[in-house]
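Presented below is the structure to which this report refers.
The values are calculated or read from the model by the stated rules, or taken from the named source; none is laboratory data. Please read all numbers here as calculations on a predicted model, not as lab measurements. Reconstructed Cβ throughout: ideal geometry from the backbone, glycine too, with neighbour counts over all protein chains shown.
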Amino acid sequence: MAFSPSSCSSATVRPYRPQDEAGVRGLIDADRVPGQQPCAPQQLAAARRGAPALDGWSVPARPRISVLADAADRPLGVVAFLSWADVHSGVICWLYAREDPPALRALLGHACAELGWCRQIEAFVGAPPGPLGPGGLPRIRRAATHEALIEAGFTGRRQGAYLHCPLSGEPSPAKLVADVFPCDFPPGHRLIVRDGAEPVAEAVVSVGPDRIATVYWIETRRTHRGRGLGRKLLGQALALLAEQGAVEAALVIDDFPPRTTESKAASRLFDSFGFTLVDELWTYLWRHS
């Protein structure tokens, strides 16, 4: 891979330090999209620790976070990346530099050099919306980051759409269709619709800081679609979030071409509740030639 040298002649890339926290959080929050939670200290600390180990899964190395610092040692940009030694694969998790092309190229070049032994490197792979990003790269709002990735040899593709809506605080539907249970991960609530004893539809929702809510999951079993369960379930879920104090909600839907009948139906459902498109979400891949 070939990378353009940074024009930030007095800047250097170095490991993240605890004293960088405020500056790094500022970089992340500068690119927040509507409905994205602000980055709090505990969330940045959790990102540094990495994902918990899961039984039967390969455990990645702890994410490495690097900072591009100016002559006064203040963060100009930040990149987080990790790798799996057993599969020779790496991931660039997030990259922020206030959309400054030289800074983006410097950080991207550093991360890819550190991951140079990997056969493939992914970037901005899908994830639920959260304080570190909306679950992919917002292609339109972060055009400079997109261009830096393409120039570095990555291939990008649209993987989804990021939607947002205000919550009106209307009362719960007259007829509640779902049972509601606390959920530990993500911290929030799971709503389950049953046909007899059999679960046939489910949603997972959560209210975060600043009264911002996330719809992590909503699904109706194929055998029970076309009966209005999704509409009733989403209505109850949004009413629950409003009751808990949320004033806005965000979600990600799979929306990569070609669009399917199911994805079109999901778009119509969310449109009917006032969700609007904020941006396309893209993911990227580089493979060793």
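General observations
- Of all residues in segment 84-106, those that are polar (S, T, N, Q) have Cβ atoms under 8 Å from Cβ atoms of residues that are in a strand (DSSP E or B) and crowded, with 24+ Cβ neighbours inside 10 Å, 6 or more apart or on another chain, in 89/121.
- Filtered by the rule that a residue be among the acidic types (Asp, Glu) and either at pLDDT 95 or above or surrounded by 16 or more Cβ atoms within 10 Å (Cβ to Cβ) (or both), segment 76-104 gives 99, 100.
- Every pair of residues 6+ apart whose Cβ atoms lie under 6 Å, when the first sits in segment 254-277 and is aliphatic (A, V, I, L, M) while the second is surrounded by 14 or more Cβ atoms within 10 Å (Cβ to Cβ) and at pLDDT below 95: 266/253; 269/230; 277/161
- Positions within segment 120-143 being of a type in the set (Val, Ile, Thr), outside any loop (DSSP other than H, G, I, E, B) and either under 21 Å from residue 25 (Cβ atoms) or under 11 Å from the mean Cα position of the chain (by Cα) (or both), in sequence order: none
- Criterion (closer than 25 Å to residue 163 by Cβ, assigned to a helix (DSSP H, G or I) and out of contact with any Pro (no Cβ under 7 Å at 6 or more places or on another chain)) met by exactly one of 110, 146: 146
- Residue in segment 35-57 that is farther than 30 Å from residue 184 by Cα and modelled with pLDDT under 90 present: no
- When we screen 250, 266 for residues that are hydrophobic (A, V, I, L, M, F, W, C), under 22 Å from residue 124 (Cβ atoms), surrounded by 19 or more Cβ atoms within 10 Å (Cβ to Cβ) and at pLDDT 90 or above, the only hit is 250.
- Considering (1) crowded, with 21+ Cβ neighbours inside 10 Å; (2) in contact with a helix residue (DSSP H, G or I) (Cβ under 6 Å, 6 or more places away or on another chain); (3) of a type in the set (D, E, K, R), the lone condition that residue 142 does not fulfil carries the number (2).
- Checking 31, 73 one by one, the residue that is of a type in the set (D, E, K, R), outside the structural domain of residue 274 (by TED's automatic domain parsing), buried (at least 18 other Cβ atoms within 10 Å of the Cβ) and at pLDDT 85 or above is 31 and no other.
- Boolean, residue 117 is in a loop (DSSP other than H, G, I, E, B) and surrounded by fewer than 23 Cβ atoms within 10 Å (Cβ to Cβ): yes
- Summed over segment 180-199, residues that are surrounded by 19 or more Cβ atoms within 10 Å (Cβ to Cβ) and touching a His at 6+ places or on another chain (Cβ under 7 Å) total 0.
- Within segment 71-93, tally of residues that are outside any strand (DSSP E or B) and either touching a Phe, Trp or Tyr at 6+ places or on another chain (Cβ under 6 Å) or among the hydrophobic types (A, V, I, L, M, F, W, C) (or both): 4
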